[in-house]
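The values are calculated or read from the model by the stated rules, or taken from the named source; none is laboratory data. All of these numbers come straight from a predicted model, not from anything done at the bench. No Cβ is skipped: glycine too gets one built from the backbone with ideal geometry, and neighbour counts run over all protein chains shown. Heads up: the accessible areas ignore ligands, DNA and RNA and are worked out on the full protein's heavy atoms, side chains in. Shrake-Rupley method; radii C 1.70, N 1.55, O 1.52, S 1.80 Å.
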Amino acid sequence: MPRAAIVSASWYGFKPEVGELSFREMMFEAALRAYSAAGVDPRRDVDAFFSCQEDYWEGIAITDEFAPEPIGGVLRPTSTVAGDFIQCLGQAVMLVRTGYFDLVAVESHAKPSDIATMKGVMDMALDPLYLRPLDPPNPHFIGGLMANAFLARTGLGREALAMVAAKNKNAGLSNPRASHAAPVTLGDVLSAKPVVDPLTWYDIAPFSDAAIVMLVASEEAARRLTDTPVWIEGVGWSTESGTGSLAWHQWDSMPSIRMAVDMAKSMAGLSGRPQTFTSFAELEDRYSFMEILSMEEAGIAGPEEAYSMLEAGDTEPSGSYPVNPSGGSLAAGVALEATGGFRVLEAYERLMAMGEELEPGAERALVVSWRGPPTRTAMAVILGV
């Protein structure tokens with residue numbers, strides 16, 4: 001089966017507000033940089049293009065009509081996917097593995113600072129008969145319910161969530177994309193008032209404007225374009241059944257993460273706990289409790305073990321198994337459909353930077369993301385060098 005690799009990646013933004021450019025101009029800037037870094041001309045060298053976006057976030061009907069031009073896909077095969085970046089990445093991998101595509105561009109973007117009615121947009125995702133008429137005043141109420149259910153099941157306390165929030169906020173201080181990073185202490189988080197019980201603003205990732213473009217290549221093209229390809233060894237995503245109503249949610253868990261990780265592991269031909277074949281992980285953390293839940297569902301550690309790892313510093317950027325060494329979404333923000341792309345970008349760059357420092361056989365990273373409430377769609381990627 002043909003292999004697929006990321007050979008170039010670039011971005012624009014990762015700020016609370018990109019006031020100088022429209023979302024189309026952000027797409028163009030990120031694409032131009034990715035193509036320039038790889039030394040390719042999209043009008044000649046790229047076989048297909050993917051853009052992950054959603055009309056509601058853009059405020060424009062049939063927004064995919066705006067996709068081809070900014071990324072160089074005019075009059076070329078261009079597809080849009082109403083989903084997270086990682087789902088587009090999976091589409092690109094499938095094309096490359098057919099053997100008929102050598103180079104595929106993948107793009108996603110977000111400009112939440114342009115959305116004047118964010119709560120209204122989020123409310124449109126709710127059940128129109130039973131939930132939307134309630135007009136919940138806080139759009140994070142689903143995250144709060146999930147967090148309470150998770151704490152009740154695991155027996156963990158608020159301190160566990162505060163440890164994640166403080167770790168990630170501080171880890172992001174060394175990341176140029178982490179515009180929401182801050183020197184936060186455990187006491188700061190524990191003393192903050194809840195926004196929606198039990199979550200404080202420290203526990204909830206803010207929004208960020210961003211655009212990301214990556215080039216996915218066949219093995220032959222990858223060897224030709226770069227000396228340091230990062231191989232997409234496995235990719236998977238899953239949407240749980242019964243997600244049309246919150247009444248069917250498993251509030252204290254998220255099996256879709258487990259299924260997505262299992263799919264990625266199967267594709268990569270790997271088994272066992274992720275820390276046996278990866279060096280670090282970039283996991284879902286738009287709410288602080290989700291990092292621990294992601295560790296559990298991915299098979300890294302159960303809640304009690306995850307708490308012990310946090311307490312011992314094992315998941316710090318310099319720990320034995322770093323989790324979100326980038327600072328995660330808590331430090332860099334939620335970039336709507338580009339959020340999974342942020343995690344892949346961080347893993348890609350870290351693998352490139354670590355190079356020979358990695359132990360033989362451990363040159364891999366696990367990426368896990370979630371499309372956000374009220375969805376139950378999760379994605380996973382295993383990257384290797």
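Quick notes on this structure:
- GNM result for the chain, Cα springs below 10 Å: residue of M122, M27, M254 fluctuating most strongly: M122
- Solvent-accessible area per residue in the stretch 179-286 equals 42 Å², computed with a 1.4 angstrom probe and all protein chains kept.
- Exposure check, 1.4 Å probe, all protein chains in place: I204 carries approximately 0 Å² of accessible surface.
- Think of a 1.4 Å ball rolled over the protein heavy atoms: the stretch 303-385 then has 30 Å² of accessible area per residue.
- Cα centroid of the stretch 1-35 to Cα centroid of the stretch 234-310, whole Å: 27
- The calculated FRET efficiency for the pair A125 and E349, based on their C-beta separation and a Förster distance of 25 Å, comes to about 0.20.
- Modelled FRET efficiency - R0 45 Å, L75 with D188, Cβ distances, 0.05 increments: 0.25
- Projected label distance in nm at S241 and E220, using a 7 Å step from Cα toward the beta-carbon: 4.3
- Most to least accessible of S174, S179 (protein chains only, probe 1.4 Å): S174, S179
- Taking only protein heavy atoms and a 1.4 Å probe, the accessible area of the chain is 53% carbon and sulfur.
- Test item: Cα-centred dipole of the chain, Lys/Arg +1 and Asp/Glu -1 on Cβ, debye: 180
- Cα-Cα separations in the chain greater than 29 Å, expressed as whole percent: 37
- The distance between label points at L173 and S113 comes to 2.5 nm (points 7 Å beyond Cα on the Cα→Cβ vector).
- Surface/4 of the Cα convex hull for the stretch 135-206, nm²: 5.2
- The stretch 95-172, accessible area per residue, ligands and nucleic acids excluded (1.4 Å, Å²): 41
- Pair E25, R43: separation of 7 Å Cα→Cβ label points (nm): 2.2
- Low-density loop cleavage sites - GluC sites (Glu not before Pro) in the stretch 1-103, where at most 13 other Cβ are within 10 Å (DSSP): E20
- Only Cα pairs under 8 Å and 6+ residues apart enter the sum, and on that basis the relative contact order of the chain stands at 24 percent.
- Cβ-Cβ FRET estimate between A61 and R273, R0 fixed at 51 Å, reported to 0.05: 0.65
- Candidate residues Y12, Y130: accessible-area rank, largest first, probe 1.4 Å: Y130, Y12
- For the residues A149, A171, A181, a GNM of the chain with alpha-carbon springs under 10 Å puts the largest fluctuation on A149.
- Listed residues S191, S218, S288, most fluctuating in the chain (Gaussian network, C-alpha, under 10 Å): S191
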